[in-house]
Amino acid sequence: MIVHWHRKDLRGVDNRALARAAQADRLVPVFVLDPTILEYASPVRVACLLEALADLRAWYRDRGSDLLVVRGNAREVIPSLAAERDAARVVWNEDYSGLAAERDEAVRAALEEEGIDHESVTDGLHHEPGSISPNEGDHYSVFSYFWKKWRDREKADPAPAPTTDELADLEDASESEANPIPSLSELGFDEPDADPPAVTRDAARERLETFCSDAIYRYADERDVPAAGTTSRLSTHLKWGTIGPREVYVETERALEDAPDEDARESVVAFRRQLAFREFYVHLLAFNPETVTEDFSGYESDLEWRNDPDELAAWRAGETGYPIVDAGMRQLRSEGWVHNRVRMLVASFLTKDLLVDWREGYDWYRHYLADHETSSDVAGWQWAASTGADAQPYFRVFNPTKQGREYDPDAAYIREHVPELEDVPADRIHEWPDLDTEERAELAPDYPEPIVDHANRREEAIATFEDARDEG
Ligand SMILES: Cc1cc2nc3c(=O)[nH]c(=O)nc-3n(C[C@H](O)[C@H](O)[C@H](O)COP(=O)(O)OP(=O)(O)OC[C@H]3O[C@@H](n4cnc5c(N)ncnc54)[C@H](O)[C@@H]3O)c2cc1C
């Protein structure tokens, strides 16, 4: 018997550790609700997790088995469950984020003390950290080099799902193992503000197939337009593992074969490039775990963040008086997801216009994003703050008004998330920070005045970064 420890791989299909173990012996699948990990979770993410767990348990039950869901510290639960069941081995898929790596080391040590074998494999990525690297060094810090190698490297096929015969019959599961999956409140979490789309296998497959048969061909042209809805919205599924990376890649191969013309083919490749970005950031974090809290590439002296609490509060509430920024911040609260162009914009606004430390923004995102991945989230923030690897240069500060005009010309996205502006014409919305107070009061009395002047703040931000560069 082999225990498969599910973590961020909440699926039976295209699951590498599960498939390998199933070929060797009967499988006992388990998930541990570990309080030391839940401490860092948030209502929206725990809600997603519980939904995905219920779905996975149903998948196993349909196949005459079960998913054991145990509450407790994984360092104790995994070795004792394996010992009780006389398991020959415990297997899992690697998780390269800092907290997980520490936990896994402790579980490995505890298993070794019990004399139980263990094995972990790479599953959530096509290529494990260290396998795409320059001649000297273990990882790239510049994406374009990483991308060239990632793009050309062969990709594995999806891993087969275990058959019914390969799964253990778990009628003997103890009461604590086969308990109903706890509710949010039983785990001590409030109901989330957001109501994200379902985090289940069916939802993931449907999204993937729909995207790859249509929108993928427009992705290159429209991916920066938030109202177009052209991006895949697979991030939450990739985060929880309700979809496997190899499954996604295979669909892009089909899309390439069916592409009507060269533009459509290039668009598929543009989508793959974003998949590679996700892996680039996992590699970066795996080799630079301290960058969860520290700047990736610091300046000569510390950046003098302004960190004004009222400005930070206005940003969090989506009440900065910059319509596209506010739309993004409100989308975050209502959907647990934000369009990528808008993530970049709101992050730039916080770290440049407001000169608030990127760690504040990261913490807020971490709490509200259903798709929060430490690697992409930290990298996204550090990119915007010009402290990251291959980051936005500090002197390129997004102009939120211009960005709104360019990427949301009809203000459809803004109006969807900022109801106070529902009846305001698009050109007025885009001019909002430059209108006079009376005009604003007449057009949308409930929508805030701009809290800062972008042009001034841009100058101040550049000066602050230059000071940090020159001093020391
Ligand atoms: C400040 C900031 C924070 C971010 N935080 C996260 C996060 O916590 N989790 C997360 O998955 N992404 C994060 N991103 C990256 C990106 O915004 C999201 O992956 C993307 O918006 C998800 O939507 P989608 O699935 O429709 O993407 P698509 O455009 O359809 O892309 C497909 C997949 O590629 C990956 N991807 C796309 N863009 C990026 C990118 N810029 N960086 C890394 N991976 C990418 C994602 O896995 C995504 O699901 C962040 C970006 C910024 C600027």
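Counting only alpha carbon atoms, the long axis of helix 74-84 and the longest principal axis of the chain meet at about 20°.
Counting Lys and Arg as +1 and Asp and Glu as -1 over every other residue whose Cβ lies under 13 Å from the Cβ of E373, the net charge comes to +2.
Within the set K8/K149; K148/K239; K8/K402; K155/K402; K8/K148, which residue pairs have Cα atoms separated by over 29 Å? Walk me through the intermediate numbers first.
Numbers: K8/K149 26 Å; K148/K239 24 Å; K8/K402 39 Å; K155/K402 40 Å; K8/K148 27 Å.
Among K8/K149; K148/K239; K8/K402; K155/K402; K8/K148, the Cα-Cα distance tops 29 Å for K8/K402; K155/K402.
Given their separation in residues at 0.36 nm each and the Cα-Cα distance between them, E460 and L38 gain 148.0 nm when the chain is fully extended.
Label the range 309-470 by shape, choosing from rounded, prolate and oblate, from the square roots a ≥ b ≥ c of the eigenvalues of the Cα gyration tensor; if a/c is under 1.5 it is rounded, and otherwise prolate applies when a/b is larger than b/c, oblate when it is not.
oblate
Among residues other than P192 with Cβ under 12 Å from its Cβ, the summed charge is -4 (Lys and Arg +1, Asp and Glu -1). Rounded to the nearest 10 degrees, the inclination of helix 201-213 to the longest alpha-carbon principal axis of the chain is 60 degrees.
3J(HN,Hα) along the range 347-355, derived from phi through the Karplus expression 6.51 cos²θ - 1.76 cosθ + 1.60 where θ = phi - 60°, amounts to 5, 5, 4, 5, 7, 9, 4, 9, 6 Hz, with x in place of Gly and Pro. Taking amide H positions as modeled 1.01 Å from N, with prolines and chain starts lacking one, the residues under 5 Å from R71 and 5 or more places away or on another chain are L33.
Counting 0.36 nm for each residue step from K402 to D470 and taking away their Cα separation leaves a gain of 21.5 nm. Residues M329, M344, sorted by accessible area with the largest first, give M344, M329 [1.4 Å probe; ligands and nucleic acids excluded]. Accessible area per residue was computed with a 1.4 Å probe on protein heavy atoms; R273 scores about 90 Å². Based on Cα contacts under 8 Å between residues 6+ apart, the range 371-472 shows a relative contact order of 18 percent. A cut-off of 5 Å between modelled amide H atoms, ignoring neighbours fewer than 5 places along the same chain, links H118 with V90.
Here the contact order of the chain, divided by its residue count and restricted to Cα pairs under 8 Å and six or more residues apart, works out to 17 percent. Going by a ≥ b ≥ c, the root eigenvalues of the Cα gyration tensor, does the range 260-401 fall in the rounded group (a/c under 1.5), the prolate group (a/b larger than b/c) or the oblate group? Since a/c reaches 1.5 but b/c is at least a/b, the shape of the range 260-401 is classed as oblate.
Given the -39500 (n - 2.57) contribution per DSSP H run of 4+ residues, what per-residue ellipticity at 222 nm results for the chain, rounded to the nearest 500 deg cm²/dmol? The helix-only estimate for the chain comes to -15000 deg cm²/dmol at 222 nm.
Let me check against my output: what whole-number percent is the relative contact order of the range 202-287, with C-alpha pairs under 8 Å and at least 6 apart? Rounded, it is 35 percent for the range 202-287. Rounded to the nearest 10 degrees, the inclination of helix 454-470 to the longest alpha-carbon principal axis of the chain is 60 degrees. Less than 5 angstrom separates the built amide H of N15 from those of A159, all sequence-distant by 5 or more or on a different chain. In order along the range 100-112, phi translates into HN-Hα couplings of 5, 4, 5, 4, 5, 4, 5, 5, 4, 4, 5, 5, 4 Hz, rounded to whole numbers, per the Karplus curve 6.51 cos²θ - 1.76 cosθ + 1.60 with θ = phi - 60° and x for Gly and Pro. Pairwise Cα separations in the range 45-199 fall into 5 Å bins from 0 onward with the following percentages, short to long: 1, 7, 11, 14, 17, 17, 13, 9, 7, 2, 0.
One Cα centroid belongs to the range 208-278, the other to the range 127-186; the line between them spans 20 Å.
Convert 10 °C to kelvin, take the viscosity as 1.306 mPa s, use the Kirkwood radius over C-alpha pairs of the range 202-287 as Rh, and evaluate the Stokes-Einstein diffusion coefficient in µm²/s, rounded to a whole number. For the chosen part, D equals 120 µm²/s. With bins 20 Å wide beginning at 0, the percent of Cα pairs of the chain falling in each bin runs 22, 53, 22, 2. Scoring 127-137, 333-343 by mean Cβ neighbours within 10 Å over their residues and listing the highest first yields 333-343, 127-137. Of the residues R457, R246, the one with the largest accessible area comes first in the ranking R457, R246, computed with a 1.4 Å probe on protein heavy atoms.
The values are calculated or read from the model by the stated rules, or taken from the named source; none is laboratory data. Keep in mind that this is a model prediction, so the values were computed, not measured. Note: ideal-geometry Cβ built from the backbone for every residue, glycine included; neighbour counts use all protein chains shown. Heavy atoms of the whole protein, side chains included, go into the accessibility calculation; ligands, DNA and RNA do not. Shrake-Rupley method; radii C 1.70, N 1.55, O 1.52, S 1.80 Å.
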